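Working notes, beginning with the structure itself.
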Amino acid sequence: MSDLTLHPAPLTLGETLRRSLLAPLIGLALAFVIHRFIVPLLNPLHASLALDIGVNIILAVSLTIVNGFTGQFSIGHAGFMAIGAFTAAGVTYYGSVMLFGSEAFAGGILSAAEAGDATGFFTSGDLLFLAGCLLGGLIAGVAGFAVGLPSLRLRGDYLAIVTLGFGEIVRSLLEQSPDQLLLPSDPAARAAQIEHIRDVGFPTLLIHSGGAIGFGRVPAYASHFWVYGFVALTILVAFRLKASSHGRAMLAIRENEVAAASMGVPITRYKVTAFVIAACLAGIAGALYAHQVRLIPDQFGFQRSFDILIMVVLGGLGSISGSVIAAIIITLLPEILRSPPPLWPVMLVIIAVLFIVRGRRAIRAAIVLAAVAIVWEIVRWVVGDLSPYRMILFALALIVMMILRPQGLLGLREVWDKWIDRRRAAKVEAAA
Amino acid sequence: MPGRPQAYALRLRPSSPLPAPVSYTARPVQKFLETLLNGVSVGSLYALVALGYTMVYGVLRFINFAHGDIFMLGAWVSLAVARALSWAAPDANPPWYAAIVLLLTSMAICATLGFLVERFAYRPLRKAPRLNVLITAIGVSLFIQNFAQLEWVFGVNTGTMPRVLPDVELFSITCGPPPDPAEPEVYPKVSIYLIDTLILVTSISLMLALQWLVYGTKLGLGMRAVSHDTTTAALMGVPVDRVISITFIIGSALAAAAGFFFALKYPTIQQPAGATWVLLGLKAFVAAVVGGIGNMRGAMVGGVIIGLLEWFGAAYFSPQLRDVYVFVLLIVVLLVKPSGLFGSTVPEKV
C-alpha cells in the first residue's frame with residue numbers, strides 16, 4: 001500500500017538520478033542512432049526533410065504547452081523562433097570568427113552531416129553551437145516572460161492579438177538591425193575584419209544580424225543528432241509537465257480560469273511559466289533551424305506562426321503525441337501533394353485489417369475509407385499537382401475540424417491512452 | 001529633374017502601399033500638413049474596416065479574423081471587375097461613372113461573401129467555446145487568402161488599379177515663399193486631391209448612415225438587443241440569425257468600400273496573401289481595440305488615431321517602424337485600459 005501514503009519516503013540519490021537522467025539519455029542515444037545509422041541510408045532530400053520534421057515537432061510540442069495545456073491562445077510563436085535563430089546564429093558565426101578565425105564548420109562527429117567531415121567526437125565548435133542554442137532558448141524565454149506578463153490581464157482573443165503583434169514587432173525590429181559583419185575573401189581585409197569583430201565584442205555583435213538581407217554563412221551544425229536530441233528533450237519536458245501537479249494546474253486553468261483561481265491555482269504564475277517554457281523551446285527550435293538552412297532571411301512572419309498553430313489544433317489541443325503526428329504529416333504533406341501517390345493500396349490494407357479485427361462492425365468505416373480513396377483517385381487524375389492547394393486544404397481542415405471535432409484529432413488524449421485504459425479495466429476485472 | 005531640388009515636387013500618389021514618405025527638407029508646416037492629410041485619409045479607411053470588426057464583436061463576441069481578408073478582396077474584386085469591363089488597360093478611358101460601378105459591385109460581392117462565411121463557417125459554431133470560433137476564423141482567413149492566390153483566381157502577382165477617378169487637385173495650401181528665385185511661380189504647397197476628399201466624404205457618410213441604421217431603425221434596435229443579450233433578444237422575438245447575417249453583410253460591405261478606396265489611393269495592389277494585407281487588417285483591428293471594441297464611435301476615432309500615429313511616427317521618427325508603433329500602442333492600451341477609449345468592461349463569470 002506504499003502507493004497510497006500521503007508523504008512518500010524521499011528518494012535515494014541513485015533513484016533520483018535514474019528517474020531524471022535515464023529517459024533523456026535514452027532519447028539522446030536514439031538520436032545518435034538516427035544520426036549515425038539511419039540517416040546515411042536516406043537520400044539528401046529525405047534527410048533534410050527529416051530535419052524539418054524535427055524542428056517542427058519541437059515547435060508544435062512547445063506551442064501545445066501554451067495553447068493546449070494552459071488554454072492561452074498564442075499565435076506569435078514564430079517571433080520566439082526568430083529570436084532564438086538570430087541569437088544562436090550570432091553566437092556560432094561571430095564566435096567561430098573570434099575563436100577560430102573563420103566562419104567554417106568546426107564540429108565533431110555529432111554535428112557533421114557526413115562522418116568524413118568530422119575531426120573529433122565533440123569539439124569546441126560543438127560546444128559553441130550548444131552554447132548558441134541554449135542562449136537562443138534563454139533569450140527567447142526572457143521574451144516569453146515579457147509577453148506572458150500582459151497575458152495576466154487579457155482574455156483569449158485579446159491575447160491572440162497581442163502575441164501576433166509581438167511576432168510582427170520582432171520581425172520589424174530584426175529587419176532594422178545593422179548589416180552582418182561578413183569576412184571578405186581578400187586575406188588582408190579578412191584579417192582586418194576579424195580584428196574588428198574581436199574589437200567589437202559580444203553583446204554588440206549579436207545586434208549585427210543582417211537586417212532585411214538576412215544572416216548568412218551560419219555554420220551547418222544542426223545534425224540529426226542535435227535536432228532529434230532536442231526533440232527527445234522537448235517531448236520529455238512536455239510529458240513530465242503534463243503529468244506533474246504543475247501540468248494539472250495548467251489544465252485546470254484551461255478548463256475554467258475562474259474556477260481554477262477559486263481552487264487556489266496561481267493563474268498568473270502558471271500562464272507565465274507556460275509562456276516561458278514554450279518560448280524557450282521555440283527559441284531552441286529556431287536555433288536549430290538557423291543552423292540547418294544556414295541563411296536566415298525573413299521567414300518568421302505570422303504565416304509561420306499559423307503553420308505551427310495548425311499543427312497543434314489538428315493534432316488535438318493538449319495532446320503531445322497528436323501534435324507530433326500532425327507536425328510530421330504537415331511537414332510531409334507539401335512533398336506528398338507535389339506528386340500525389342495512389343492512396344488505394346494503403347486503404348485496402350487498412351480495410352482488410354479492420355475487417356480482421358472488428359469483423360462486420362467495420363463495414364461503415366470501410367465504406368468511408370473506400371469513398372475517400374475513390375475521391376482521391378479522381379482528384380489525382382483531374383488536377384495532378386496538388387501543392388498549390390495545400391494551404392486551402394489545411395484551412396478547410398481547420399474549419400471542418402472545429403465544426404465536427406472541436407477538440408482536434410486526439411483532444412487531450414495520447415495515442416496509447418485507449419490501450420492503457422483497456423489494460424487498467426482488465427486489471428480491475430481480474431482483481432474483482 | 002536634375003539640379004532642381006526634389007523637395008517641392010511633392011506628389012502624394014505613391015505607387016506602392018504605404019511607402020516611406022518622401023524625405024524632404026520642406027518647411028515644417030508643409031511636412032506637418034502632408035502627414036496630417038495622409039494620416040486622416042488612411043485613418044478613415046482603417047475606421048471603415050474597424051467598424052466591421054467592432055460590429056461583429058458586438059453581436060457575436062469574437063474577433064472575425066477573416067475581416068481583413070474581405071478588405072483585401074474589396075481591392076482585388078474591384079480590380080477584377082475593372083479588368084472584366086476592360087477599364088484596366090493602360091490606354092483605356094473609363095467613363096465618369098466607373099468609380100461608382102466598381103465601388104458598388106465590389107461592395108455587393110464582398111457582402112455576399114461575408115454572408116456566406118457567416119452562414120457556413122460561423123453559424124454552426126454559435127454555441128461553441130470562443131477559442132474554437134477564433135481558430136475557425138483563422139481558418140477562414142487562410143482559406144480566403146490562399147484561394148484568392150490561386151492562379152485562376154487573382155494569382156500571385158501585384159495588380160495595378162486603373163485611374164478611374166480624374167487626378168484633380170481640388171485645392172492646395174501654400175506654405176511659404178517660393179524657394180527657388182529662378183522659378184517664382186513654384187510655391188511650396190500641400191495639395192488636396194479629389195481622391196483624398198472622396199475618401200473622407202464617403203467614409204464619413206457611410207459612418208453616419210451606419211449610425212442612423214444602428215440607432216434609428218428597428219433593425220438597429222435588433223442589433224443592439226442581440227449585442228446586449230442574445231438569448232433574451234431571441235425570446236423577445238428578435239430574429240437573431242437574420243440580424244447576425246445582416247451585421248456581417250454590412251461589415252463586409254464597409255470593408256470592401258475601404259479596400260476599393262485603398263486601391264484607388266495606392267494603385268499597386270499587393271498579391272492576395274501578401275503580408276501587407278494582413279498587417280492592414282490587423283491595424284484596423286487595433287483601431288477597433290483602441291477605440292473600445294464593440295463600440296462604433298470608438299472604432300471611428302480609433303481608426304483615425306491609428307492612421308495619424310502611423311504617419312506621424314513614419315514622418316518624424318522612423319518610417320521602417322510604422323508597424324511597431326501601432327502594435328506598441330495596442331499593447332499599451334490593453335495594459336492600461338483593456339476596454340479601450342469608449343468601451344465598457346464586462347465582468348467574467350463562471
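Structure summary
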quantity: Any chance B:L60 is buried (at least 21 other Cβ atoms within 10 Å of the Cβ), modelled with pLDDT under 85 and in contact with a helix residue (DSSP H, G or I) (Cβ under 7 Å, 6 or more places away or on another chain); calculated: yes
quantity: Residue in the range A:413-421 that is of a type in the set (V, I, T) and either within 14 Å of another protein chain (Cβ to nearest Cβ) or in a helix (DSSP H, G or I) (or both) present; calculated: yes
quantity: Residue match in the range A:257-265 (condition: at pLDDT 90 or above, assigned by TED's automatic domain parsing to the domain that holds A:D52, surrounded by 14 or more Cβ atoms within 10 Å (Cβ to Cβ) and in a loop (DSSP other than H, G, I, E, B)); calculated: yes
quantity: Matching entry among B:T231, B:T217 (being surrounded by fewer than 24 Cβ atoms within 10 Å (Cβ to Cβ), under 23 Å from B:T202 (Cα atoms) and among the polar types (S, T, N, Q)); calculated: B:T217
quantity: Enumeration of residues in the range A:356-398 that are of a type in the set (G, A, S) and surrounded by 13 or more Cβ atoms within 10 Å (Cβ to Cβ); calculated: A:A362, A:A365, A:A366, A:A370, A:A373, A:S387, A:A395, A:A397
quantity: Residue in the range A:305-321 that is part of a loop (DSSP other than H, G, I, E, B), over 24 Å from A:G408 (Cα atoms) and not assigned by TED's automatic domain parsing to the domain that holds A:E175 present; calculated: no
quantity: Among the candidates A:A140, A:A191, residue that is without any contact (Cβ under 8 Å) to a residue 12 or more places away in the chain, assigned to a helix (DSSP H, G or I) and either away from chain B (no Cβ under 14 Å) or among the acidic types (D, E) (or both); calculated: A:A191
quantity: Count of residues meeting criterion [at pLDDT below 85 and β-branched (V, I, T)] in the range A:71-115; calculated: 1
quantity: Which numbered condition A:A106 fails, given (1) in a helix (DSSP H, G or I); (2) surrounded by 12 or more Cβ atoms within 10 Å (Cβ to Cβ); (3) out of contact with any strand residue (DSSP E or B) (no Cβ under 7 Å at 6 or more places or on another chain); calculated: (1)
quantity: Considering residues of the range A:238-256 that are free of Cβ contacts under 8 Å to residues at least 60 places away in the same chain and hydrophobic (A, V, I, L, M, F, W, C) only, the residue surrounded by the most Cβ atoms within 10 Å (Cβ to Cβ); calculated: A:A249
quantity: The range A:308-325, residues that are of a type in the set (G, A, S) and within 11 Å of the chain's Cα centre (by Cα); calculated: A:S323
quantity: Scan of the range A:332-382 for residues that are out of contact with any helix residue (DSSP H, G or I) (no Cβ under 7 Å at 6 or more places or on another chain), free of Cβ contacts under 8 Å to residues at least 12 places away in the same chain and of a type in the set (F, W, Y), ordered by number; calculated: A:W381
quantity: Out of B:L235, B:L279, B:L264, sole residue that is hydrophobic (A, V, I, L, M, F, W, C) and closer than 27 Å to A:I75 by Cβ; calculated: B:L279
quantity: Residues satisfying the stated conditions in the range B:118-147, i.e. of a type in the set (G, A, S), within 22 Å of A:M391 (Cβ to Cβ) and at the interface with another protein chain (Cβ under 7 Å from one of its Cβ atoms); calculated: B:A121, B:G139
quantity: Test: residue in the range A:277-292 that is over 26 Å from A:L135 (Cα atoms) and either of a type in the set (A, V, I, L, M) or over 23 Å from the mean Cα position of the chain (by Cα) (or both); calculated: no
quantity: Unique match (being assigned to a helix (DSSP H, G or I) and more than 14 Å from chain B (Cβ to nearest Cβ)) among A:P184, A:P203; calculated: A:P203
quantity: Qualifying helices (runs of 4 or more DSSP H) (wholly inside the range B:61-173; at least 2 residues being over 26 Å from A:Q407 (Cα atoms) and without any contact (Cβ under 8 Å) to a residue 40 or more places away in the chain); calculated: B:67-84, B:98-117
quantity: Selection from the range A:274-302 of residues that are surrounded by fewer than 24 Cβ atoms within 10 Å (Cβ to Cβ) and assigned to a loop (DSSP other than H, G, I, E, B); calculated: A:R294, A:L295, A:P297, A:D298, A:Q299, A:G301
quantity: Test for B:L282: is it over 16 Å from the mean Cα position of the chain (by Cα) and over 21 Å from B:S106 (Cβ atoms); calculated: no
quantity: Residue that is nearest to the other protein chains (Cβ to nearest Cβ), among those in the range A:359-399 that are among the charged types (D, E, K, R) and in a helix (DSSP H, G or I); calculated: A:R390
quantity: Condition broken by A:E103, with the remaining ones in (1) over 30 Å from A:I267 (Cβ atoms); (2) free of Cβ contacts under 8 Å to residues at least 40 places away in the same chain satisfied; calculated: (2)
quantity: Count of residues meeting criterion [crowded, with 16+ Cβ neighbours inside 10 Å and in contact with a Lys or Arg (Cβ under 6 Å, 6 or more places away or on another chain)] in the range A:166-204; calculated: 1
quantity: Any hit, the range B:9-32, residues being at pLDDT 85 or above and either assigned to a helix (DSSP H, G or I) or surrounded by fewer than 24 Cβ atoms within 10 Å (Cβ to Cβ) (or both); calculated: yes
quantity: Scan of the range A:216-249 for residues that are among the aliphatic types (A, V, I, L, M) and more than 20 Å from the chain's Cα centre (by Cα), ordered by number; calculated: A:V218, A:A249
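The values are calculated or read from the model by the stated rules, or taken from the named source; none is laboratory data. Not measured: the values here are computed from a predicted model. Reconstructed Cβ throughout: ideal geometry from the backbone, glycine too, with neighbour counts over all protein chains shown.
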